């Protein structure tokens, strides 16, 4: 039976998430893994969507970006989201690739996600967090 993966994309920094998504989809396509995507406003909503769909898919990829501002909001959102994703993965015994970028500024986010100007040219897209998250899910699904 063909494996199914849900990609959950946080759209707050949509240009960064788009690069991550294209990169992850490219890897899943090469591995012949069926995938769908859903979009949420920010990374905080990702664990809820995964939880609601936990029985429908074999694995998940969480994609998005958080950029540090002048308040501790960045720390709270990142920590709680990452913990929720890890807990869901352990409880469900299903892989969840974490492709959420935590960056100090927009330039750093772009470097880690791939260049959004080249997002449609898959051959030129830099290796980034979307690719890493997809490969991690594939590796666990193959065990």
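Every number in this text was worked out from the coordinates using simple rules, so none of it is lab data. These numbers were taken from a predicted model, which means no experiment stands behind them. As a convention, Cβ positions derive from the backbone with ideal geometry for all residues, glycine included, and neighbour counts pool all protein chains shown.
Comparing the chain with the 2.2 N^0.38 Å rule of thumb, its C-alpha radius of gyration ratio is 0.98 (two decimals). Using the rule -39500 (n - 2.57) for each DSSP H run of four or more residues, divided by the residues of the chain, the 222 nm mean residue ellipticity is -14500 deg cm²/dmol. For the chain, DSSP calls about 0 percent of its internal beta bridges antiparallel.
Once C-alpha pairs closer than 8 Å and six or more residues apart are averaged by separation and normalised to the residue number of region 4-141, the relative contact order reads 34 percent. Looking at the square roots a ≥ b ≥ c of the eigenvalues of the Cα gyration tensor of region 26-73, which shape do they give, rounded for a/c under 1.5, prolate if a/b is larger than b/c, or oblate? Here region 26-73 falls in the oblate category. Here the peptides 85-91, 39-45 are ranked by packing, the mean other Cβ count within 10 Å, and the order with the highest first is 39-45, 85-91. By the count of other C-beta atoms within 10 Å, a proxy for reagent exposure, 9, 65 are ordered fewest to most as 9, 65.
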